[in-house]
Amino acid sequence: MKKIRIILCSLIALVTVGVLVACGGGDNPSGQGSGTSTDGKASNSVVVGISQELDSLDPHNAAYAGTREVLFNMFEGLVKATPTGDIEPAVASEYTVAEDAMSITFKLRDGIVFCDGTPVTVEDVKYSIDRYAGIQGEGSAFSDYKDTEIVDDKTVIINLVNPNTEFIFELTCAILPEANDANVNSNPIGTGPFKYDSYTPGDKLVVVKNENYWKPGQPYLDKVTFKVVADTDMAVMQLNSGTLDIYQYLTADQAMTVGNNFNILEGNVNYVQGMFLNNARAPFDNIKVRQAIYYAVDRDLINDMVFGGKSHVIGTNMIPGASKYYNADTEKTYTHDVEKAKQLLAEAGYPDGFTFTITVPNNYAPHESTAQIIVESLAEVGITAKINLVEFNTWHAEAYVDRNYDATITAVDGRLAPFTWFIKNVSTGNKNFTNYNNPKFDELYNKAISSIDPDEKVEYYKQLQQILADDAASIYVQDPSNLVAVNNQLEGYVFYPVSAQDMSVVKYK
Amino acid sequence: MKIKNNPSLIIGIIITGLILLMAIVGLFWTPYSTTQMDISLKFAPPSFAHIFGCDNFGRDIFSRVMQGAGTTFLVSLSTIAFGMVTGTIIGFLAGYSGGWLDEVIMRANDVINAFPSLLLALVFVSFLGSGLLNIILALGILFIPSFARIARSEMLRLKGMQFVQSAVLIGDSRGRIIFSQILPNAYISILSSAAVGFNNAVIAEAGLSYLGLGVQPPDASLGRMINEAGSFLMQAPWYAIFPGVAIIVLVLGVALISDGVSKID
């Protein structure tokens with residue numbers, strides 16, 4: 001009996017020592033009760049939380065902004081976006097836009113290779129741009145695209161049908177190897193700073209360092225995991241427990257609950273958030289009704305309530321981040337004025353208000369809060385609004401695609417080229433989900449796109465924004481603040497004016 | 001045993017009655033508007049003016065608890081009533097007839113049970129559309145199997161008893177036997193499981209509201225308030241605490257009633 005006990009005791013001691021040794025192994029400064037991911041620094045890897053499942057690994061077919069911000073790390077175009085909202089050469093090392101804006105000449109970068117080591121050829125470039133153009137189809141910017149002309153094994157010329165100085169921005173579209181055509185979704189290959197490692201649908205995408213990347217020294221990290229997190233509350237818990245290193249789209253209230261081993265960085269989400277009105281449906285076909293609603297809604301209150309005053313209140317369908325094209329005057333077109341709203345309603349023939357439904361997708365809590373505040377504001381002028389919360393996919397199919405709604409709270413995005421913010425308001429556009437129709441707007445839009453004089457172009461775009469504001473096409477509320485929690489051992493995180501989470505510049509201190 | 005000697009029942013009725021009273025008053029009158037927002041009161045802690053404090057829109061939580069208790073009461077009670085009546089009838093039918101009918105009914109029950117309940121409710125609601133009535137219907141269907149099971153086992157237990165056999169011998173009709181012999185002896189088990197079911201109904205309603213398929217904002221239900229408050233647990237704990245306490249008290253009251261009922265002979 002005694003013997004057994006001794007053996008047992010020594011066994012327990014042995015196991016305990018073994019466990020202790022295993023835990024103590026490797027000096028790990030972050031392991032001390034802080035709850036930061038314990039092996040991130042040692043393995044030079046980072047876990048980024050993303051709020052949406054990826055809709056495709058094929059960069060040409062990815063429609064969600066949430067997917068584009070991830071794929072930004074794996075793919076590059078002839079040119080790529082910079083944090084200042086400009087473009088820099090990527091797969092190409094230099095480019096020249098013809099004076100008549102009818103063609104662009106690119107010279108491929110010397111020694112540029114895909115992440116698997118095969119060189120990028122001019123045939124790959126032609127293949128990629130033709131493929132992307134085919135997917136984008138008519139009614140997109142690529143309706144101006146004619147062809148890609150191969151000059152020699154280093155030079156290509158992109159020819160256009162109409163003059164378009166903004167087309168260069170579209171050439172951020174990914175360059176893919178033609179040889180990989182059949183496997184774009186299962187084994188994506190690009191020229192970006194990271195290369196595909198593994199993907200578990202609904203869970204995570206793992207990318208590893210591309211040793212062949214053309215920018216010397218980058219990326220700094222060896223491995224990045226993009227982990228899908230169901231909702232923001234869950235993300236906050238996972239940040240605090242050390243599962244996540246980086247998470248964006250936090251509200252001010254949520255950011256306060258994130259532990260102090262994170263830095264909170266402030267930016268904007270670069271979306272136009274607001275209440276979009278179905279312009280084809282009564283009473284929103286009446287401009288006075290739309291203007292009345294604009295006067296009734298207190299945008300500053302929404303900003304203060306939901307984002308702690310950190311959002312940028314706007315008055316048109318463009319973000320302030322588009323600096324030189326942005327028309328800041330539109331922010332002041334409407335003020336919160338209950339009397340004026342009532343007067344406009346009476347003029348429109350609705351002195352006692354009316355009833356309508358606001359369809360709200362339930363994937364982003366601030367939309368719901370915005371809806372509640374708008375309902376309350378509209379009650380002051382006698383309009384009864386009802387909220388109908390729906391799941392995101394239902395919203396996308398019924399409201400966005402079928403345009404079957406009265407009003408909806410959502411956010412729309414754009415890309416670097418300024419026209420991308422307005423194409424949704426062109427009466428014939430296939431993404432005109434608000435059914436907005438103003439011939440004057442359409443005419444000016446075409447002028448703006450084809451204009452080759454930079455100053456004139458800026459002027460046209462500013463006028464377009466003023467038209468949308470004057471017409472109260474929709475109730476544009478704000479470019480929401482975007483608070484990003486970043487593990488305080490990391491540095492280098494930057495904001496882009498497009499959907500991008502650039503991990504190539506992030507590194508451990 | 002007399003009601004006088006049954007403290008569980010008395011206390012349970014008092015507690016539940018108080019909440020019910022609060023909910024009924026809340027239908028007609030609340031101290032503040034349940035939707036009026038005020039940024040200066042955002043996350044205001046409990047005070048004499050706002051005894052439960054204010055939420056993330058500066059709305060008075062006490063007023064919203066009054067309104068929310070009403071919604072929760074309505075949804076949970078109707079759900080349980082629907083599930084209990086339907087489930088009991090089905091269960092008695094299965095237990096009384098036995099044979100293939102019993103098999104069919106109980107296997108159909110198993111099918112409903114095999115799915116995660118919230119998922120099934122989601123399917124119903126996305127099929128029927130959201131709204132209070134559809135929620136009640138969807139949740140009610142989910143509660144049928146548990147009552148059917150209890151009713152069936154009670155039926156099997158009682159069917160062989162002498163007083164039931166005698167009733168069969170003197171030629172009572174099937175319906176008369178069920179209503180005058182079985183039900184008076186089975187209702188206690190059924191009612192006690194109704195109390196447990198009530199609790200589950202409160203939680204299920206909260207879950208559906210959270211997914212945007214239950215009560216639509218800005219209307220309040222206790223479950224919805226707690227789910228909204230989850231994001232603000234650190235800044236405004238009172239937002240979650242008071243609706244939570246209201247649910248606890250409500251469930252406690254109902255549980256005491258069920259305990260008291262089971263002691264009645």
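Values computed for the structure shown
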| quantity | calculated |
| --- | --- |
| Computed helical MRE - 222 nm, chain B, DSSP H runs ≥ 4 contributing -39500 (n - 2.57), nearest 500 | -24500 deg cm²/dmol |
| Under the Karplus curve 6.51 cos²θ - 1.76 cosθ + 1.60, θ = phi - 60°, whole-Hz ³J(HN,Hα) for region A:297-306, x wherever Gly or Pro sits | 7, 9, 5, 5, 5, 4, 4, 5, 5, 8 |
| Cβ-based net charge around A:K447, under 12 Å, with every Lys or Arg adding one and every Asp or Glu removing one | -3 |
| Table column - 3J(HN,Hα) (Hz), region A:432-442, Karplus curve with 6.51, -1.76, 1.60, x for Gly and Pro | 7, 6, 8, 6, 5, 9, 9, x, 5, 5, 4 |
| Pairs of lysines in region A:246-404 (C-alpha under 28 Å apart; 8 or more residues apart or interchain) | 14 |
| Relative contact order of region A:34-113, pairs being alpha-carbon contacts under 8 Å that are 6 or more residues apart, as % | 15 percent |
| Cross-link pairs A:K146/A:K215; A:K227/A:K507; A:K424/A:K447 - those with Cα-Cα distance over 22 Å | A:K146/A:K215 |
| Simple Cβ-charge dipole of region A:348-459, Lys/Arg +1 and Asp/Glu -1, about Cα centre, in debye nearest 20 | 240 debye |
| Long-range HN-HN contacts of A:E149 with modeled amide H, under 5 Å | A:I157, A:I158, A:N159 |
| Helix A:232-241 axis, angle to chain A major axis (alpha carbon atoms, nearest 10°) | 20 degrees |
| Shielding by other protein chains, A:256-268, mean Cβ within 10 Å | 1 |
| Fraction of antiparallel bridges per DSSP, chain A only, in percent to nearest 5 | 75 percent |
| Under Karplus coefficients 6.51, -1.76 and 1.60, residue-wise ³J(HN,Hα) of region A:55-65 in Hz, glycine/proline x | 8, 6, 8, 7, x, 7, 9, 5, 9, 6, 4 |
| Average partner coverage of A:432-442, which counts Cβ from other chains inside 10 Å | 0 |
| At R0 = 51 Å, FRET efficiency that the Cβ-Cβ distance of A:I135 and B:F28 yields, to 0.05 | 0.30 |
| Simple Cβ-charge dipole of the protein assembly as shown, Lys/Arg +1 and Asp/Glu -1, about Cα centre, in debye nearest 20 | 3800 debye |
| Euclidean distance between Cα centres, region B:9-77 to region A:432-509, Å | 43 Å |
| Label-point separation in nm, B:L156 to A:D203, each point 7 Å along Cα→Cβ | 4.1 nm |
| Under 5 Å, built H, 5+ apart or other chain: amide partners of A:N268 | A:N482 |
| Within region A:92-129: backbone nitrogen closer than 19 Å to the A:N159 label point (7 Å, Cα to C-beta) | A:96-107, A:122-129 |
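Read-outs: derived from the displayed coordinates by stated rules, not from any lab. Here the structure is a predicted model, which means the values were calculated and not measured. When we count neighbours, we look across all protein chains shown, and the Cβ atoms used for this are built from the backbone with ideal geometry, even at glycine.
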